[in-house]
1. Whole Å is fine, so just give me how far the alpha carbon centre of segment 194-215 lies from that of segment 76-139.
2. Show the residues, 5+ positions off or on another chain, whose built amide H is closer than 5 Å to the amide H of Thr79.
3. Name the long-range amide H neighbours of Thr60: under 5 Å, sequence gap of 5 or more, or other chain; modelled H, no Pro or chain starts.
4. Go through segment 204-210 residue by residue and turn each phi into a ³J(HN,Hα) via Karplus (6.51, -1.76, 1.60, θ = phi - 60°); whole Hz please, and just put x for glycine and proline.
5. Tell me the GluC sites (Glu not before Pro) within segment 222-260 that lie in a loop according to DSSP and have at most 11 other beta-carbon atoms within 10 Å.
6. Among the trypsin sites (Lys or Arg not before Pro) in segment 93-146, which ones are in a DSSP loop with at most 15 other Cβ atoms within 10 Å of the Cβ? Mind listing them?
7. By what distance, in whole Å, do the Cα atoms of segment 149-208 stretch along each of the three principal axes, largest value first?
Amino acid sequence: MEKERRTVDRRKPEWLRINLPKVNEYAYLKQKLEKYHLHTICESGICPNIGECWKNKTATFMILGNICTRSCRFCAVKTGKPLPPDKLEPQKLAEVIQEMELRHCVITSVDRDDLPDGGSGIWAETVIAIKEKNPLITIETLIPDFKGIQEQIQHLIDVKPDIISHNLETVERLTKTTRVQAKYRRSLEVLAFIAKSGITTKTGIMLGLGETEEEICQTMDDSLAAGCQIFTMGQYLQPTKEHLPVIRYVNPEEFQQLKEIGLSKGFKFVESGPLVRSSYHAEKQVIK
């Protein structure tokens with residue numbers, strides 16, 4: 001009986017159905033990305049919202065290649081030895097965004113612990129290039145922790161994206177097994193350093209890895225104390241059998257309750273739902 005219950009629990013619920021992009025919608029963006037040899041986290045991270053976002057001709061661009069120097073146990077992005085950075089990537093990305101006529105874009109990257117500056121120089125150049133070619137655009141940057149090195153984080157602050165986001169990914173107790181090389185308290189320090197600059201600061205976590213509601217609420221409190229104004233919550237989905245298993249599927253009603261808790265605690269914006277990812281509805285989160 002117990003074995004049967006566990007089997008049923010591991011089936012994906014109805015509310016986790018994913019809409020894949022139609023061929024013509026997929027081809028449009030795919031052509032743009034291949035033309036400039038660019039990557040998106042939509043594909044590399046196997047995002048469940050790729051259908052909705054690509055239908056609207058929006059994407060979260062991933063710079064500094066598609067091979068990460070870290071091996072987080074939840075992430076679908078490839079791990080290994082990355083190629084040298086493409087020095088022309090900032091201009092290429094700025095041109096793609098101009099061709100797509102985007103009003104808001106999200107930029108993220110793999111971790112580049114192999115580079116002396118963690119890739120922060122390319123990050124800053126990318127934001128500058130995008131702004132120069134697209135002066136009316138708003139930009140969110142979803143950054144790695146840069147090992148907590150403030151000088152590298154400052155490179156991003158100096159170019160003034162509208163939002164700087166860095167994800168805690170999970171509660172403190174589960175960080176060591178989930179993010180491996182990352183540290184919960186270090187990430188909070190990164191968020192606090194960003195928030196002190198006055199730039200809108202954002203973070204998010206995945207649910208379904210074994211966290212408790214008390215731990216989720218504590219993570220909200222920690223994020224608020226660090227100065228975060230935006231908080232996101234979504235269901236963790238196991239990319240492959242080699243990644244961490246899903247402990248449970250959180251239903252939409254619980255996500256809604258957690259959203260209300262987050263708003264009551266003081267966040268200006270909370271995005272919470274089974275298919276929510278960090279950049280989901282990001283264009284609505286720009287706080288002036």
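FYI, it's all coordinate maths here, none of it is from the lab. Remember, predicted model here, so these are calculated numbers, not experimental data. Positions of Cβ are generated from backbone atoms using ideal geometry, with glycine treated the same way; all protein chains shown enter the neighbour counts.
1. The two parts, judged by their Cα centres, are 23 Å apart.
2. Amide H neighbours of Thr79, under 5 Å, 5+ apart: Cys68.
3. Under 5 Å from the amide H of Thr60: Ile41, Cys42.
4. x, 9, 9, 10, x, 9, x
5. Numbers: sites: Glu242, Glu253, Glu254, Glu260; in loops: Glu242.
Of the GluC sites (Glu not before Pro), the ones in loops of segment 222-260 whose Cβ has at most 11 other Cβ atoms within 10 Å are Glu242.
6. Details: sites: Arg103, Arg112, Lys131, Lys133; in loops: Arg103, Arg112.
In loop regions of segment 93-146 (DSSP not H, G, I, E or B), the sparsely surrounded trypsin sites (Lys or Arg not before Pro) are Arg103.
7. Projected onto the principal axes, the Cα atoms of segment 149-208 cover 34, 21, 14 Å.
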